[in-house]
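Asks: Quick one: the structure is below, and I'll ask about it shortly.
The values are calculated or read from the model by the stated rules, or taken from the named source; none is laboratory data. Remember, it's a predicted structure, so these values are computed and weren't measured experimentally. In this analysis, Cβ positions are derived from the backbone assuming ideal geometry, glycine residues included, and neighbour counts consider all displayed protein chains.
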Amino acid sequence: MITNEQHDFYLENGYIILQGVLDDEDLRPVREAMSETVDEIAANLTGAGRIPSRFEALSFQTRLAAVFAAAGEGAAAEFGRSWRPRKPGYFQIITNPKLLDIAEALCGPELISHPVYNTRPMVPGSRHVIVPWHQDCSYLNYKLVQNQEIPAFWIPLVDVNEKMGCLQVAPRSKNKGLVSFHQEKYSGTGFIEIDFEHTADIEIVVCEMKKGDVLIVDQMTYHRSTANTSDLVRWSIDIRYQDARLPTGFGGVSHLLRSRERPEAVITLDDFMNERPERLETKL
Ligand SMILES: O=C(O)CCC(=O)C(=O)O
């Protein structure tokens, strides 16, 4: 699923967009899982008398925006920043063999999903989901992870363009090493943000993508999202893969997804649904 040329491009530039990796059937379960979550939110808000309708007739790309708009200021931040649902559709995307083949080419055959993963429904106009320039490793214990491959797979569930706040990356920025950063105070979320002097004058690639494409970002690569100024929800998930034998630098739960050494310990849907972790890290 990743050619030697693509792998070389990734190693040199710290990112790559792989086109057409996933088909509609690969994405259907996760889109359905997200639609279910939208249903749950709409039911919660109608039940609480906060919205007059569940907006059931609206599409995957418009319904959540209508629900949050009807619920008013603050609803998107309350329900919509980052989802980690225990739903079969989510398990299916994390364990999708096409993604695992690519992850294996990058990280080797003993594979876990890193504890940091998200679904990000970026609703038009909401600020709290716009992620400023950062390196993923700045969220981790850098000393533990600095020599590792922990690629983030950023997977849009819909076509995404600049107007919708698709991801932007700075090619070869990974070569700068870990740069200084601070916690921003303007979004309401408190994201980590690279100090301005490092991003003032960088080359930027705007990653417009089709549904089915996968963007892979090195843990040292500067990347960000921008405002969604369209009328549509920008649906995406981000998953990180890693060599199972190495520390995650984060704590929390990770799942063994593929293993030659311990195939019997690879996570099943039942493990996932019942929150049985392959490895529960109590410290970093
Ligand atoms: O999806 C986004 O808007 C930002 C994603 C991101 O920065 C990340 O996954 O590290």
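Asks: With the structure loaded, tell me whether GLY125 is touching a residue at least 12 places away in the same chain (Cβ under 8 Å), surrounded by fewer than 20 Cβ atoms within 10 Å (Cβ to Cβ) and within 17 Å of ASN13 (Cβ to Cβ) or whether it fails that test. I'd like the intermediate steps shown before the answer.
Replies: On the way: touching a residue at least 12 places away in the same chain (Cβ under 8 Å): yes; surrounded by fewer than 20 Cβ atoms within 10 Å (Cβ to Cβ): yes; within 17 Å of ASN13 (Cβ to Cβ): no.
Criteria not met by GLY125.
Asks: Quickly run through the range 44-58 and pick out the residues that are part of a loop (DSSP other than H, G, I, E, B), without any contact (Cβ under 8 Å) to a residue 12 or more places away in the chain and surrounded by fewer than 12 Cβ atoms within 10 Å (Cβ to Cβ). First the steps, then the outcome.
Replies: Of the range 44-58, the ones part of a loop (DSSP other than H, G, I, E, B) are 48-58.
Checking the rest, the ones that are also without any contact (Cβ under 8 Å) to a residue 12 or more places away in the chain come to 48-49, 57-58.
Correct list: ALA48, GLY49, ALA57.
Asks: Scanning for something in contact with a strand residue (DSSP E or B) (Cβ under 6 Å, 6 or more places away or on another chain) and within 14 Å of the ligand (Cβ to nearest atom), does the range 182-189 turn up at least one residue?
Replies: For the range 182-189, residues in contact with a strand residue (DSSP E or B) (Cβ under 6 Å, 6 or more places away or on another chain) and within 14 Å of the ligand (Cβ to nearest atom): present.
Asks: Suppose we filter ARG258, ARG240 for residues that are in contact (Cβ under 8 Å) with a residue 60 or more places away in the chain, touching a strand residue (DSSP E or B) at 6+ places or on another chain (Cβ under 9 Å) and within 14 Å of the ligand (Cβ to nearest atom); which single one remains?
Replies: Details: ARG258 fails: within 14 Å of the ligand (Cβ to nearest atom).
Within the list ARG258, ARG240, the selection yields ARG240.
Asks: Could you tell me which numbered condition ILE16 fails, if it satisfies all but one of (1) under 19 Å from the mean Cα position of the chain (by Cα); (2) at pLDDT 95 or above; (3) crowded, with 17+ Cβ neighbours inside 10 Å; (4) assigned to a helix (DSSP H, G or I)?
Replies: Every listed condition holds for ILE16 apart from (4).
Asks: Restricting to the range 138-152, name every residue that is under 14 Å from the mean Cα position of the chain (by Cα) and more than 9 Å from the ligand (Cβ to nearest atom).
Replies: Answer for the range 138-152, where residues must be under 14 Å from the mean Cα position of the chain (by Cα) and more than 9 Å from the ligand (Cβ to nearest atom): ILE150, PRO151.
Asks: Given the conditions (1) within 22 Å of THR119 (Cα to Cα); (2) part of a loop (DSSP other than H, G, I, E, B), and given that ARG260 satisfies all but one, which numbered condition is not satisfied?
Replies: Against the list (1) within 22 Å of THR119 (Cα to Cα); (2) part of a loop (DSSP other than H, G, I, E, B), ARG260 comes up short only on (1).
Asks: Here is a list of conditions, (1) at pLDDT below 95; (2) acidic (Asp, Glu); (3) surrounded by fewer than 18 Cβ atoms within 10 Å (Cβ to Cβ), and ASP231 meets all of them except one; can you say which number that is?
Replies: Condition not satisfied by ASP231: (1).
Asks: Follow-up question, since we're still on this one. Looking only at residues in the range 266-282 that are among the acidic types (Asp, Glu) and either in contact with a His (Cβ under 6 Å, 6 or more places away or on another chain) or farther than 16 Å from THR95 by Cα (or both), which one is modelled with the lowest pLDDT? Explain how you work it out, then say what you get.
Replies: So in the range 266-282, the residues among the acidic types (Asp, Glu) come out as 270-271, 275, 278, 281.
Then keep just the ones that are either in contact with a His (Cβ under 6 Å, 6 or more places away or on another chain) or farther than 16 Å from THR95 by Cα (or both); that gives 278, 281.
Numbers: GLU278: 68, GLU281: 56.
So the residue we want is GLU281.
Asks: Could you please find all residues in the range 108-135 being part of a strand (DSSP E or B) and within 11 Å of the ligand (Cβ to nearest atom)? Give the derivation first.
Replies: First, pick out the residues of the range 108-135 that are part of a strand (DSSP E or B): 111-113, 118-122, 134.
Residues satisfying the conditions are ASN118, THR119, ARG120, PRO121, MET122, HIS134.
Asks: Can you tell me which of ARG81, ARG86 is over 23 Å from CYS166 (Cα atoms) and assigned to a loop (DSSP other than H, G, I, E, B)? Before you say what the answer is, go through the steps one by one.
Replies: Working: ARG81 fails: over 23 Å from CYS166 (Cα atoms).
It is ARG86.
Asks: Also, I was wondering about something else. Could you tell me which numbered condition ALA70 fails, if it satisfies all but one of (1) in a loop (DSSP other than H, G, I, E, B); (2) free of Cβ contacts under 8 Å to residues at least 60 places away in the same chain?
Replies: (1)
Asks: Same structure, new question: Check whether at least one residue in the range 155-170 is of a type in the set (S, T, N, Q), modelled with pLDDT of 95 or more and either closer than 30 Å to PRO109 by Cβ or under 14 Å from the mean Cα position of the chain (by Cα) (or both), and report yes or no.
Replies: Taking the range 155-170 first, the residues of a type in the set (S, T, N, Q) are 161, 168.
Retained after the next criterion (residues that are modelled with pLDDT of 95 or more): 161, 168.
In the following step, the residues that additionally are either closer than 30 Å to PRO109 by Cβ or under 14 Å from the mean Cα position of the chain (by Cα) (or both) were identified as 168.
Looking for residues that are of a type in the set (S, T, N, Q), modelled with pLDDT of 95 or more and either closer than 30 Å to PRO109 by Cβ or under 14 Å from the mean Cα position of the chain (by Cα) (or both), one finds at least one in the range 155-170, hence yes.
Asks: Take the residues of the range 1-13 that are part of a helix (DSSP H, G or I) and touching a residue at least 60 places away in the same chain (Cβ under 8 Å): which is farthest from HIS223 (Cα to Cα)? Spell out how you get there, then give the answer.
Replies: Taking the range 1-13 and keeping what is part of a helix (DSSP H, G or I), we get 4-13.
Still in the list and also touching a residue at least 60 places away in the same chain (Cβ under 8 Å): 7, 10, 12-13.
Details: HIS7: 19, TYR10: 14, GLU12: 16, ASN13: 12 Å.
By that ranking, first place goes to HIS7.
Asks: Between ALA200, ALA227, which is assigned to a loop (DSSP other than H, G, I, E, B) and within 16 Å of the ligand (Cβ to nearest atom)?
Replies: Details: ALA200 fails: within 16 Å of the ligand (Cβ to nearest atom).
On inspection, the qualifying residue turns out to be ALA227.
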